[in-house]
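The values are calculated or read from the model by the stated rules, or taken from the named source; none is laboratory data. Fair warning: this is a prediction, and the values are worked out from it, not measured in the lab. Cβ coordinates were reconstructed from backbone atoms using ideal geometry, including for glycine residues, and neighbour counts include every protein chain displayed. Note: accessible area is taken over every heavy atom of the protein model, side chains too, but ligands, DNA and RNA are not part of it. Shrake-Rupley method; radii C 1.70, N 1.55, O 1.52, S 1.80 Å.
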Amino acid sequence: MNSLLVINSSARTTRSITRQLTARFAAAWIKRHPDSEVIDRDLGAQPVPPISHDWIAAAFADPAGHTPEMRAALAVSDALIDEHFRATAIVVGVPMYNFGMPAQMKAYIDQIIRVGRTFNFNDADPAHPYEPLVPSKPLVIITSKGVGGYEPGGPFAQQNFLEPHLETVFSFIGLSDIAFVRVAFEEAKDERFQQSLADAERKIDELAGRIATAPNLAIA
């Protein structure tokens, strides 16, 4: 069965551009895969806990020796990671907050970057010390910013710590087939924003079609 993992991280439950666009992608996905599963992971409405001392101790311990307390400490992480393995494709909505990702998205990232589950150390190859464990699949990342110029080559690109961070961590675990969809000028709400939103909607529709017909196609 095809499965789409939809991750929303905006603190806004209404008036969220990224939520609007992840919903558009999900609708296009369901139209093409009417019998597919949609996994809804809403970090804005239901934030995941930050990792803790007990989480770290359990994550780096031999799973064969996990106590019930260790398994409980990793239960949320296991559930989140299982969703990545189950998904056929993933769409993530992430607004830029203070030049980076929302705190709830960072907590989520910390929960899914886990040795033995999503990556392993690779001592045999010093040039590649880490081995990703999540099978490759299309990942669409939708971002929104209050103003323009944060896109690659833009005048404020060096202040965009959101997209490089997301690309690094998802690629690290094996999800390197990434396409970015960007909306800018959200605070202005003028013709620049309307054009940016229309461009994003067209790209989402195009990506949904491409992934539906060739799910292993590189989309970046």
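Axis of helix 75-86 versus longest Cα principal axis of the chain: the two differ by about 60°, to the nearest ten degrees. When the stretch 85-166 is described by a simple charge dipole with +1 on each Lys and Arg Cβ and -1 on each Asp and Glu Cβ, the residue from Thr88, Phe156, Val134 located farthest towards its positive end is Thr88. Of all DSSP beta bridges confined to the chain, the antiparallel ones make up roughly 15%. Here the accessible area is traced with a 1.4 Å probe on the protein chains. For the stretch 125-220, carbon and sulfur cover 57 percent of it. Taking amide hydrogens as placed 1.01 Å from N in the peptide plane, the amide H of Glu37 sits under 5 Å from those of Asn2, Ser3, Leu4, each at least 5 positions away in sequence or on another chain.
Taking θ as phi - 60° and the Karplus parameters 6.51, -1.76 and 1.60, the scalar couplings of the stretch 192-199 work out to 5, 5, 4, 5, 4, 5, 4, 4 Hz in sequence order, x denoting glycine and proline. Only protein atoms count toward the accessible area here, which uses a 1.4 Å probe; on the stretch 1-90, the carbon and sulfur part of that area reaches 55 percent.
Spin-label pair Asp190-Asp205: with each label point 7 Å from Cα along the Cα-Cβ axis, the two points sit 2.7 nm from one another.
So if I take the centroid of the Cα atoms in the stretch 3-21 and the same for the stretch 103-120, what is the distance between those two points in Å? The distance from the Cα centre of the stretch 3-21 to that of the stretch 103-120 comes to 20 Å.
Peptides 77-85, 4-12, 50-58, ordered by how many other C-beta atoms sit within 10 Å of their residues on average, highest first, read 4-12, 77-85, 50-58. In a simple Cβ point-charge model (Lys, Arg +1; Asp, Glu -1; nothing else charged), the stretch 38-194 has a dipole of about 180 debye relative to its Cα centre. Ranking Lys203, Lys137 from most to least accessible surface, computed with a 1.4 Å probe over the protein chains only, gives Lys203, Lys137.
For the chain, the longest principal axis of the C-alpha atoms and the axis of helix 17-32 are separated by about 80°. Heavy-atom accessible surface of the chain, averaged per residue, reaches 49 Å², computed with a 1.4 Å probe.
In order along the stretch 152-167, the Karplus-derived 3J(HN,Hα) couplings, from 6.51 cos²θ - 1.76 cosθ + 1.60 at θ = phi - 60°, round to x, x, x, x, 10, 4, 5, 9, 8, 8, 6, 5, x, 5, 4, 4 Hz, and Gly and Pro are given as x. The simple spin-label model puts a point 7 Å past each Cα toward its Cβ; for Phe161 and His53 those points are separated by 2.7 nm. The slack in the chain from Ala124 to Thr67, taken as 0.36 nm per residue of separation less the alpha-carbon distance, amounts to 17.5 nm.
Whole-Hz Karplus values for the stretch 109-125 come out as 4, 4, 6, 9, 8, 9, 4, x, 10, 10, 7, 10, 6, 10, 5, 6, 9 Hz, taken residue by residue from phi with 6.51 cos²θ - 1.76 cosθ + 1.60 and θ = phi - 60°; glycine and proline positions read x. The stretch 30-82 to the stretch 121-162: how many Å between their Cα centroids? The distance from the Cα centre of the stretch 30-82 to that of the stretch 121-162 comes to 22 Å. The H on the amide N of Val181, modeled in the peptide plane, is under 5 Å from the matching H of Ile141, Ile142, Thr143, each at least 5 residues off or on a different chain.
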